[in-house]
1. Going by what's in this entry, would Ala303 be described as open to solvent by less than 20 Å² (accessible area, probe 1.4 Å) and over 20 Å from the mean Cα position of the chain (by Cα)?
2. Looking at segment 318-348, which of its residues are touching a strand residue (DSSP E or B) at 6+ places or on another chain (Cβ under 9 Å), among the hydrophobic types (A, V, I, L, M, F, W, C) and either open to solvent by 50 Å² or more (accessible area, probe 1.4 Å) or over 17 Å from Asp158 (Cβ atoms) (or both)?
3. Within segment 43-74, count every residue that is assigned to a helix (DSSP H, G or I) and either surrounded by 14 or more Cβ atoms within 10 Å (Cβ to Cβ) or charged (D, E, K, R) (or both).
4. Could you give every pair whose Cβ atoms fall below 7 Å, whose first residue belongs to segment 114-139 and is within 25 Å of Tyr351 (Cβ to Cβ) and without any contact (Cβ under 8 Å) to a residue 40 or more places away in the chain, and whose second residue is surrounded by fewer than 18 Cβ atoms within 10 Å (Cβ to Cβ) and of a type outside the set (S, T, N, Q), counting only separations of at least 6 or pairs across chains?
5. Just for segment 344-361: of the residues that are assigned to a strand (DSSP E or B) and aliphatic (A, V, I, L, M), which one is nearest to Leu312 (Cα to Cα)?
6. What are the residues in segment 153-199 that are β-branched (Val, Ile, Thr) and open to solvent by 10 Å² or more (accessible area, probe 1.4 Å), if any?
7. Contact list please: Cβ distance under 8 Å, first residue in segment 292-321 and over 13 Å from Gly31 (Cβ atoms) and modelled with pLDDT of 95 or more, second residue among the acidic types (Asp, Glu) and in a loop (DSSP other than H, G, I, E, B), pairs at least six apart or on different chains.
8. Residues in segment 263-271: is at least one open to solvent by less than 30 Å² (accessible area, probe 1.4 Å) and over 21 Å from the mean Cα position of the chain (by Cα)?
Amino acid sequence: MKHLVVEQTSDRKTTNLRHKVATRRVALIGGTTAFADCLVALRYLADPHQLVQGTAIAEYEQAFAQQIGVRYAYSFCHGRVGLYGLLRALGIGPGDEVLLQVPTHIVVSNAIRYTGARPVYADCQLDTYNMDLEYAEKRITPRTKALVLQHTFGIPVDLDAALELTRRHGLDLIEDCVHALGATYNGRPVGSFGRAAFFSSEETKTISTTMGGMVVTDDSQLAERIQAFQQSCAYPSAWQTARYVLKLVLYHGMTEPHLHLYTRAIYEFFGKRNPLPQPTTDEETHGVRPTNYELRLSNAQAALGLRQLQRLESNLAHRRTTARAYSKLLSEAEFNVPHPPAWAEPAFVRYPVWVEDPAATVRAVGPHATLGTWFSSVLEEADSPACGDYEMGSCPRAEEAAKHLINLPTNPRVSPQDVETIVSAVVRAETMARGRAHGNYPLSIP
């Protein structure tokens, strides 16, 4: 973004607009569930005979496989558990190495480490925040067995280049599609290109089952081994499932923009002390394997995921329209915006923006929307990157991105007016941050 000069103005209309009291606040998540989903959830809670086990699991898995264009899909309580099972099914273990990018989440690194294998990190490209494949190739050794390819923020990687790289070195390609449900490359869904892929339906993703994941593959022999792993996993308890389902209902209401104006403050006040289940355990943030790690997805969660999967196209259409609006307005303000590969159609679970001062930008936009901070660390939510065996200084672009990235909401509750309001606040915050750095205008704007 070029340096902008902000001039003081006495225009009464502009001043009134700036000081107008917000009547809605857009949540970063939400909008993927419908009121009818909440009624279904409450029915499962009221009559819990099929809360944990039932026919919805197989129906959801079959529909998910069809969505991706593969023959097999297996559900788990978390996407990370699916990745762990997939790595084991591929025979990856002690002495092996697995390539992955930063920025990513500590739970991805953990899944590799829990097999006994070593995560080897590759830097990212700053136009998509996806893996720098040339950098990754330099880190391949005779011990490298697989490449975990993250489609960051739902922006597909250059899959032609990635496939060529893995073929050249005899590596298994695992697509990390936790952000990318519905994204396509050359008209084909991501998740269908590699040996296998894993997805997430955790509450911050494109569809929400509060927690949940899926592994997909078109390889029948690999599918047998993944299925065997799934069958070895326990079902979650009825109590844990009920908490997940209840959280989905509560979040549906709490993230409604007019209510979120007030509920966000309550959520922030309680923080991790709130009684709702948390996405990442304290053990995982320290790189330690938690107890009861290997769990399946419950029937009630599968039923709720299936309902949202049936609405996926309208969900994605809204996110793409919102992302295009962000790109247009931010480009006009001379921000650098993401540049996906030519044949890619991103899903944009969130819209990434590089800013000078993320904390100041989050505060500036706060009255209007809750912004995300994926990725404020090269290993998101890690107590320290060292917990995932990451060596600081090894991936400088990712480390720099962690100091500057914010994420704008794209969920179906974001309106065109919200987009304009959010971008206006982002631009003003960035202008002020740049101005403070250059010392050429006051610290506040009337």
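The values are calculated or read from the model by the stated rules, or taken from the named source; none is laboratory data. On a predicted model such as this, the values are computed, not experimentally measured, just so you know. Cβ placement follows ideal geometry from the backbone for every residue including glycine, while neighbour counts extend to all protein chains displayed. Ligands, DNA and RNA are stripped out before the accessible areas are found, and what is left, the full protein with its side chains, is counted by its heavy atoms. Shrake-Rupley method; radii C 1.70, N 1.55, O 1.52, S 1.80 Å.
1. Working: open to solvent by less than 20 Å² (accessible area, probe 1.4 Å): yes; over 20 Å from the mean Cα position of the chain (by Cα): yes.
It is true that Ala303 is open to solvent by less than 20 Å² (accessible area, probe 1.4 Å) and over 20 Å from the mean Cα position of the chain (by Cα).
2. Once the filter is applied, which keeps residues that are touching a strand residue (DSSP E or B) at 6+ places or on another chain (Cβ under 9 Å), among the hydrophobic types (A, V, I, L, M, F, W, C) and either open to solvent by 50 Å² or more (accessible area, probe 1.4 Å) or over 17 Å from Asp158 (Cβ atoms) (or both), segment 318-348 yields Ala323, Leu330, Phe335, Val337, Trp343.
3. First, pick out the residues of segment 43-74 that are assigned to a helix (DSSP H, G or I): 43-46, 48-50, 56-68.
From what is left, the residues that are either surrounded by 14 or more Cβ atoms within 10 Å (Cβ to Cβ) or charged (D, E, K, R) (or both) are 43-45, 48, 50, 56-57, 59-65, 67-68.
The number of residues fulfilling the criteria is 16.
4. Hits for this filter: Leu133/Ala161.
5. As a first pass, look at segment 344-361 and keep what is assigned to a strand (DSSP E or B): 344-345, 350-354.
Now narrow it down to the ones that are aliphatic (A, V, I, L, M): 344, 353.
Details: Ala344: 18, Val353: 25 Å.
Among residues in segment 344-361 that are assigned to a strand (DSSP E or B) and aliphatic (A, V, I, L, M), the one nearest to Leu312 (Cα to Cα) is Ala344.
6. Keep residues of segment 153-199 that are β-branched (Val, Ile, Thr), which gives 155, 157, 166, 174, 178, 184, 190.
Answer for segment 153-199, where residues must be β-branched (Val, Ile, Thr) and open to solvent by 10 Å² or more (accessible area, probe 1.4 Å): Val178, Thr184.
7. Taking only residues 6 or more apart or on different chains, not a single pair turns up.
8. Yes; the residues of segment 263-271 include at least one that is open to solvent by less than 30 Å² (accessible area, probe 1.4 Å) and over 21 Å from the mean Cα position of the chain (by Cα).
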